[in-house]
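Below is one structure; the comments refer to it alone.
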Ligand code: GLU
């Protein structure tokens, strides 16, 4: 495959709403539905969605967090130092999406060795977890998702702090206490509450009000903090300071770990709660045994680029990789944007069928990572796609270990039940690069927006509900399910922090939150950029569609205004504005990315509008 021609960020950028409308009318461009750029609130650092320049870059969803990372770069820190500083600040300003009570996946490109490494900071199941963990012993039925989320049962062993210390120990240049300082300052001095923080708090108000320390911290005076007010978290400042002083052992082998376990075991509910927060089983010993292994990334080649992402327990790398390998067999180009979108949807559908069958924690079942990401398997699976019709879901999963990939074309009658999964706007993604050429792409989470809703008393951070990423019962009865709960096991993730290299040098870095829609968001941005020739910022801004082996493709409202939609519907595609959880999908994902331009400039990009607009900064801006 030829290397894609890199679109000029300047040439393809639509400057005004009128220009966007004109361009859409002229070309039917998929970049049509960009909302108005977000403006900073008084007192906030700049919230610019795009920055171009030299000397290093940071992009995250928050101007405070991006600024914290940039400060580290400006003082001589490297991309890893900046990533940890940005993440620590996100733990303060995005406490419902990230923090030391959660986990995540860290991808690192080392400019000296030209190698990509990853850290698996995924939460683990407590040592007493069993396959029937989410079955209610009284009824014999699985707990509802909501009952499981809002409980101590959903809390897994947190991996975020171990991820930070592993990254700093291996590749960083500053001590943990320096990386935490930006977060400490923000927690002490406060940050300006934006509409997203206010809305996320309001969304969680009912369950937050059930937990004493959560209500005290996040519902001052019984209500979400007002937009424009200053929110401080002195407890978290103290917690970070304690970790800065004592080191991570205070968390994994000390008082903080004991408090985390105790809080999960005895959720600190109000007297006479209206919700039943079941006690969890996490122990201090689970924390003491936690590891965040450094492991090899997944790898596929696409259009002459090397695409690296996260291996299991995340399904991000294998699923994005398989879909790209399928797409390699088609001419996906701007000259036929109906077929481009159709092929993107179908490739994603097939890759999700395989993901659901094969991917879980590789320490517990055989996950055919090499097979799923092989070019041959992508070719074998690609025969399922027809340019004149749409596949019916659920698609029969293939098998990369058998000749022909276990695929018969055309596809047979669908079997089993449709995949359902969570797809909230929880989680957060950041990217950093430094002047030496090192790059980080890091997604971190506490799972749901607001996690388990349980704050550790006096410590200022929420505990994750990552254990609800396990399947409560086998997804397809009679078919093995690699994602059932187990002791020490890591639930399957969709996080897809990704780094692309061209000839061994950084080409792009990207990722997104959004549950299972993370995978489609990353894939769609890559298709927009590499196949449709959009700039990174336009690729991020474009309206999103997410096909996850379901009869309908979830879309953002703006997607339905695209001129390609009637032709896609004529091919049999069905679009929905409501996800399987019943949640409307006004927004899918909230991406950040970096593009390394041939002239040596870095372009940092964030969402212009989704999630209130992100914040991209470079050390030495050129425009
Ligand atoms: N827990 C999800 C995962 O690991 C991320 C949560 C989200 O983005 O909604 O895939």
> Looking at 341, 384, which one is over 30 Å from residue 485 (Cβ atoms) and surrounded by fewer than 24 Cβ atoms within 10 Å (Cβ to Cβ)?
Replying inline: 384
> Does residue 591 meet the test of being under 22 Å from the mean Cα position of the chain (by Cα) and either in contact (Cβ under 8 Å) with a residue 60 or more places away in the chain or over 24 Å from residue 199 (Cβ atoms) (or both)?
Replying inline: yes
> How many of the residues making up the stretch 485-504 are more than 16 Å from the ligand (Cβ to nearest atom) and in a loop (DSSP other than H, G, I, E, B)?
Replying inline: 5
>> Go through (1) in contact with a helix residue (DSSP H, G or I) (Cβ under 6 Å, 6 or more places away or on another chain); (2) more than 26 Å from residue 207 (Cβ to Cβ) for residue 166 and report which single condition fails.
In response: (1)
>> Can you find, within the stretch 571-608, the residue that is surrounded by the most Cβ atoms within 10 Å (Cβ to Cβ) among those that are in contact with a helix residue (DSSP H, G or I) (Cβ under 9 Å, 6 or more places away or on another chain) and over 25 Å from residue 443 (Cβ atoms)?
In response: 573
> Restricting attention to the stretch 416-437, and to residues there that are within 24 Å of residue 357 (Cα to Cα) and more than 9 Å from the ligand (Cβ to nearest atom), which single residue is modelled with the highest pLDDT?
Replying inline: 418
> Condition test on residue 408, is it more than 16 Å from the ligand (Cβ to nearest atom), modelled with pLDDT of 90 or more, in a loop (DSSP other than H, G, I, E, B) and surrounded by fewer than 16 Cβ atoms within 10 Å (Cβ to Cβ)?
Replying inline: no
>> Out of 182, 228, I need the residue that is assigned to a helix (DSSP H, G or I) and either farther than 24 Å from residue 69 by Cβ or within 25 Å of the chain's Cα centre (by Cα) (or both). Which one?
In response: 182
> Across the stretch 298-310, which residue is farthest from the ligand (Cβ to nearest atom) among those that are part of a loop (DSSP other than H, G, I, E, B) and surrounded by fewer than 23 Cβ atoms within 10 Å (Cβ to Cβ)?
Replying inline: 304
> Does residue 440 fit the bill of being part of a strand (DSSP E or B) and away from the ligand (no atom under 14 Å from the Cβ)?
Replying inline: yes
> What is the one condition in (1) touching a strand residue (DSSP E or B) at 6+ places or on another chain (Cβ under 9 Å); (2) crowded, with 19+ Cβ neighbours inside 10 Å; (3) farther than 27 Å from residue 492 by Cα that residue 114 does not satisfy?
Replying inline: (2)
> Taking the stretch 466-481 as the region of interest, how many residues are touching a residue at least 40 places away in the same chain (Cβ under 8 Å), out of contact with any strand residue (DSSP E or B) (no Cβ under 8 Å at 6 or more places or on another chain) and within 16 Å of the ligand (Cβ to nearest atom)?
Replying inline: 4
> Mind checking which residues of the stretch 102-146 are assigned to a loop (DSSP other than H, G, I, E, B), under 24 Å from the mean Cα position of the chain (by Cα) and within 16 Å of the ligand (Cβ to nearest atom)?
Replying inline: 102, 122, 123, 125
> From the list 362, 375, which one is within 16 Å of the ligand (Cβ to nearest atom), farther than 28 Å from residue 567 by Cβ and surrounded by fewer than 24 Cβ atoms within 10 Å (Cβ to Cβ)?
Replying inline: 362
> List pairs: first in the stretch 504-515 and in contact (Cβ under 8 Å) with a residue 40 or more places away in the chain, second away from the ligand (no atom under 15 Å from the Cβ) and assigned to a loop (DSSP other than H, G, I, E, B), Cβ under 9 Å, 6+ apart or cross-chain?
Replying inline: 504/114; 505/111; 505/114; 505/437; 506/111; 506/437; 506/438; 507/6
> Among the candidates 595, 573, 607, 569, which residue alone is at pLDDT 95 or above and more than 25 Å from residue 302 (Cβ to Cβ)?
Replying inline: 569
> So which residues in the stretch 147-172 are farther than 20 Å from residue 455 by Cα and not in a helix (DSSP H, G or I), if there are any at all?
Replying inline: 172
> Within the stretch 509-543, which residues are within 16 Å of the ligand (Cβ to nearest atom), in contact with a strand residue (DSSP E or B) (Cβ under 7 Å, 6 or more places away or on another chain) and more than 21 Å from residue 306 (Cβ to Cβ)?
Replying inline: 513, 517, 520
>> With touching a strand residue (DSSP E or B) at 6+ places or on another chain (Cβ under 9 Å) and more than 17 Å from residue 150 (Cα to Cα) as the only criterion, which of 444, 463, 484 stands out?
In response: 444
>> Can you tell me which residue is nearest to the chain's Cα centre (by Cα) among those in the stretch 312-338 that are part of a loop (DSSP other than H, G, I, E, B) and either modelled with pLDDT under 95 or under 30 Å from residue 484 (Cβ atoms) (or both)?
In response: 315
> Taking the stretch 443-463 as the region of interest, how many residues are away from the ligand (no atom under 16 Å from the Cβ) and part of a strand (DSSP E or B)?
Replying inline: 1
>> Go through (1) in contact (Cβ under 8 Å) with a residue 40 or more places away in the chain; (2) part of a helix (DSSP H, G or I) for residue 261 and report which single condition fails.
In response: (1)
> Is it fair to say residue 402 is within 25 Å of the chain's Cα centre (by Cα) and either within 24 Å of residue 311 (Cβ to Cβ) or surrounded by 21 or more Cβ atoms within 10 Å (Cβ to Cβ) (or both)?
Replying inline: no
> Looking at the stretch 200-209, which of its residues are farther than 13 Å from residue 426 by Cβ and assigned to a helix (DSSP H, G or I)?
Replying inline: 201, 202, 205, 206, 207, 208
>> Of everything in the stretch 519-542, what is surrounded by 22 or more Cβ atoms within 10 Å (Cβ to Cβ), touching a helix residue (DSSP H, G or I) at 6+ places or on another chain (Cβ under 7 Å) and not in a helix (DSSP H, G or I)? Give them in sequence order.
In response: 532, 534, 542
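The values are calculated or read from the model by the stated rules, or taken from the named source; none is laboratory data. From a predicted model like this one, the values you see are computed outputs, not experimental measurements. We place every Cβ from the backbone using ideal geometry, glycine too, and count neighbours over all the protein chains shown.
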